Each structure stands twice: as structure tokens, then as C-alpha cells.
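The structure appears below as C-alpha cells.
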Amino acid sequence: MPRVRHRDGPDAPRHALPAPRKLRAGRHRGAPRWRRRHARLGFSGVSACPRLVSAQIVVFLENRPGALAELCDVLSEAEVNIQAMLLEGSVDFGNVRLHVSAPRKAERALREAGFQFRIAEAIVLALSNEPGALADASKKLAKAKVNIEALFGTTTPGTDEAEFVLMVSDVEKGRKALGLDKQA
């Protein structure tokens, strides 16, 4: 655990200082690449299907007003869209798990801004938006003895898909257990 520094001290990382810029609105550029890929490959969305094995960025963030806004501002300035986010807070610090449109651009922007972070592979799933879909995928991973270390996801009301980002103990075994190794 890194030592706690005073937020205005000489060694304060940039993300611990007040943000000088305003947040910019994100840009919408049409259908996401993964939906176009699904259509091209003929995925129906009824069973688990891969968007891709992707990078998940875990950012170590101070728990104080404005810290999340600064993180989002850095990614916005780099023109990186946040596609999914999970914030796990504690008393002084927390972890922000991000799934972004351009992981390499995000990594560069976060490094230049002085954020502490790590990157790991994650499995991105599109499941049917119905009871039992996530249970089935979880059972397949458990049967293969693959541990789910982190999971976050979302659905959009009125759609037939739910999307989940999973960090697992073994990505290759996880892909194989879910039958994704044949579809990539």
C-alpha cells in the first residue's frame, strides 16, 4: 500500500490536485465495433458470445470529492470513451475498474497524468437479457475451476442483451469453458 501524501504537498500526484479543466461531453460515433462484428459473424445474442478479450484498467484513486471527475477529465481529453465502470471505494482510497474504447490511449493518458493503475485481460460477454443467462455462464466457469475475480455489467431496458466484463483467474481457460475460443 503506498504511503498517503498530503494532497497539496510537493510529491502530490497530479490526480490529487484540483482539476483545472471542465469535462467535455463524449462523442457518439454510431454502432459500436463489437455490434458490427457480431452481425458479421452471425452471433444472435441468445447465448454467451465474445465481444473480445479486452483490457480492464484498474485505477487506484483517492476517495475525495472531485477525484472521479479528474479521472474522467483525463480520459475525455485523450478522447477515450468509458464503456463500463465500477467504483469500489473504501475510507481513503478506492479502485475504479474501467473498460474503455481505446486501452492504449487510456494507458498513455493515465501515465502522463500521474495516476497509479494496472491493466489486466478481461473477458467481455454479451448475454441474453433473461433470467439464468449469467448463472449458466458462471456455472461453466465454476465447472472449469476458473474463479471470477471481478465482474460488472449492465443491461438496457427494452433490449435483448446484457453486457458483462469479467476478470477471471485464467482468461484462456475461461474462454474455453464459455466456448469462446472457437468464435474469436
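Throughout, read-outs are computed from the coordinates displayed, never taken from laboratory work. Remember, predicted model here, so these are calculated numbers, not experimental data. Here Cβ is always computed from backbone atoms with ideal geometry, including for glycine, and neighbour counts include all displayed protein chains.
Only one residue in 109, 126 is of a type in the set (Gly, Ala, Ser), surrounded by 15 or more Cβ atoms within 10 Å (Cβ to Cβ), under 22 Å from residue 70 (Cα atoms) and touching an Asp or Glu at 6+ places or on another chain (Cβ under 8 Å), so which one is that?
109
Tell me, which residue of the range 103-129 that is of a type in the set (A, V, I, L, M, F, W, C) and closer than 13 Å to residue 74 by Cα is farthest from the chain's Cα centre (by Cα)?
Once the filter is applied, the top-ranked residue is 113.
I'm trying to understand the selection: among the residues of the range 87-115, which are under 11 Å from residue 57 (Cβ atoms), of a type outside the set (D, E, K, R) and touching a strand residue (DSSP E or B) at 6+ places or on another chain (Cβ under 7 Å)?
95, 96, 98, 99, 100, 103, 106, 110, 115
Residues to consider are 107, 70, 79; find the one that is in contact with a Lys or Arg (Cβ under 9 Å, 6 or more places away or on another chain), under 23 Å from residue 163 (Cβ atoms) and without any contact (Cβ under 8 Å) to a residue 60 or more places away in the chain.
79
So which residues in the range 157-180 are within 17 Å of the chain's Cα centre (by Cα) and closer than 17 Å to residue 131 by Cβ?
Within the range 157-180, 162, 163, 164 qualify.
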